[in-house]
Amino acid sequence: MKGDVEANLSDHQRWIDQAIERKVDLLMFPELSLTGYEPGLAKELATTAEDGRLDGLQRMADKYGIVICAGMPIQGADGVLIGMIIFRADTPRQVYAKQYLHPDELPFFTTGSEQVFLSLDDNKIALSLCYELSVPEHSVNAYSHRANIYLSSVAKTAAGVEKALETLAAIASTYSMTVLMANCVGVCDGDECGGQSAVVNAEGEVLTVLGAGVEGVLTYDTRTGEIDCLNPV
């Protein structure tokens with residue numbers, strides 16, 4: 001919901017409950033999920049990872065031992081960052097800030113400076129925010145650090161999703177990385193987002209996508225290859 005952090009937090013917690021029932025280890029939401037992708041509102045909505053409104057997400061991560069990645073504009077030293085806040089059990093919150101901005105984002109945001117990797121079981125996971133998947137240096141860096149999973153949190157229109165899936169399939173096959181994309185639905189910054197969150201295997205095959213116009217949870221078991229899709233009831 002546009003700019004409504006409290007309502008979006010409630011929605012996040014509802015979907016986290018669904019993911020916990022499916023015994024996930026990591027759950028990633030779309031880009032700027034806690035505010036909606038609204039660059040024009042980012043300055044007034046920007047906060048820090050320690051914002052007390054986010055404590056409920058931390059409690060869920062602590063209680064269930066899962067990793068939660070949710071999007072929020074973050075106030076940095078030199079301006080507002082497109083942030084992904086990472087909640088892990090009994091661990092200080094971490095922020096991945098988008099390193100490569102689309103030209104349209106430059107009036108509203110400043111760039112992050114450091115890639116963040118997550119380790120889970122035997123997997124090394126590289127995080128990506130939307131436009132970064134189109135910047136070759138980003139996936140090259142993920143590969144050079146021996147990541148085997150590439151997670152992309154995006155806010156893309158239907159046309160943008162089609163192109164993104166082609167790019168992600170190329171990243172997967174080139175670097176033998178499993179790729180997962182989480183996209184939003186509804187209106188973001190005046191455009192209709194295209195949904196179709198997806199899983200791409202390390203051979204570059206798109207294994208499944210969610211529907212274009214409805215919320216849902218897409219789970220992928222990296223050990224067994226099992227996929228589960230949940231849409232709201």
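Read-outs throughout are calculated quantities, based only on the coordinates presented, and are distinct from any laboratory measurement. Given the structure is predicted, the values throughout are model-derived calculations rather than measurements. Positions of Cβ are generated from backbone atoms using ideal geometry, with glycine treated the same way; all protein chains shown enter the neighbour counts.
Side notes on the structure shown:
- In terms of its alpha-carbon gyration tensor, the range 158-223 comes out oblate; a/c meets the 1.5 threshold, while b/c is at least as large as a/b.
- Under 25 Å from Lys156, Cα to Cα: lysines that are on another chain or at least 8 residues apart: Lys2, Lys43, Lys98
- Close amide H pairs (under 5 Å, H built 1.01 Å from N) link Leu120 with Ile125, residues at least 5 positions away or on another chain.
- In the chain, excluding the sites themselves, the longest stretch lacking any of the trypsin sites (Lys or Arg not before Pro) that are in a DSSP loop with at most 13 other Cβ atoms within 10 Å is 24-145.
- Mean Cα-pair separation over length for the range 189-232, i.e. relative contact order, pairs under 8 Å, 6 or more apart, %: 29 percent
- Among Tyr64, Ala49, Gly36 - extreme Cα towards positive end, dipole of the range 33-79, charges at beta-carbon: Tyr64
- For Leu32, the amide hydrogen comes within under 5 Å of the amide hydrogens of Gly71, Met72, counting only partners 5 or more places away or on other chains and with H modelled in the peptide plane.
- Per-residue ellipticity at 222 nm, computed for the chain from helices alone with -39500 (n - 2.57) per DSSP H run of at least four residues, works out to -7500 deg cm²/dmol.
- Residue exposure proxy: Met181, Met28, ordered by other Cβ atoms within 10 angstrom of their Cβ from fewest to most, comes out as Met28, Met181.
- The calculated FRET efficiency for the pair Asp90 and Asp17, based on their C-beta separation and a Förster distance of 22 Å, comes to about 0.60.
- Neighbours of Ala172, meaning other residues whose beta-carbon lies under 9 angstrom from its beta-carbon, give a summed charge of -2 when Lys and Arg score +1 and Asp and Glu score -1.
- Space enclosed by the convex hull of the alpha-carbon atoms of the range 5-212, per residue, Å³: 116 Å³
- For Thr35, Thr174, order by how many other beta-carbon atoms lie within 10 Å, fewest first: Thr174, Thr35
- Ordered by the number of other Cβ atoms lying within 10 Å of each residue's own Cβ, fewest first, Asp17, Asp62 fall into the sequence Asp17, Asp62.
- Net dipole in debye of the range 5-212 [+1 Lys, Arg Cβ; -1 Asp, Glu Cβ; about Cα centre; nearest 20]: 400 debye
- Cα lying deepest toward the dipole's positive end in the chain, options Pro103, Asn183, His138, charges on Cβ: His138
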